[in-house]
1. May I ask you to list the residues in segment 4-22 that are at pLDDT below 90 and open to solvent by 90 Å² or more (accessible area, probe 1.4 Å)?
2. Cβ-Cβ below 7 Å, separation at least six or inter-chain, first residue in segment 27-53 and free of Cβ contacts under 8 Å to residues at least 40 places away in the same chain, second assigned to a helix (DSSP H, G or I) and open to solvent by less than 90 Å² (accessible area, probe 1.4 Å): which pairs?
Amino acid sequence: MKAKRAGFTLVEMAIVLVIVGLLLGGLLMPLSAQVEQRRIGETQKALDEIKEALVGFAIANTIFISKTPAATFDDLVAWVSPNILFNRMVTAGKLP
């Protein structure tokens, strides 16, 4: 007669590991989506802060921004970038 051994077989252990792996994989997908949403939110917040800083710069340097749809953020960046040097020269009393 064979003696009965206590413990788990390799097949039982493999099945448990597969089940645990599937459960962890199912939990990691929503977690990665939450991390991505958080990163998107942080990036959007940073872009909003940059926009506010650029508008503040424009106001401080007497650039008038209209609220019409034609004056977009890209229009403001396109106007401010080449005129920064001109504005600094005018402020310093040196005209080009």
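1. Result: Lys4, Arg5, Ala6, Phe8.
2. Pairs found: Lys51/Phe73.
The values are calculated or read from the model by the stated rules, or taken from the named source; none is laboratory data. Computed from a predicted model, the values in this text were never measured in an experiment. We place every Cβ from the backbone using ideal geometry, glycine too, and count neighbours over all the protein chains shown. Accessible surface areas use protein heavy atoms only, side chains included; no ligands, DNA or RNA. Shrake-Rupley method; radii C 1.70, N 1.55, O 1.52, S 1.80 Å.
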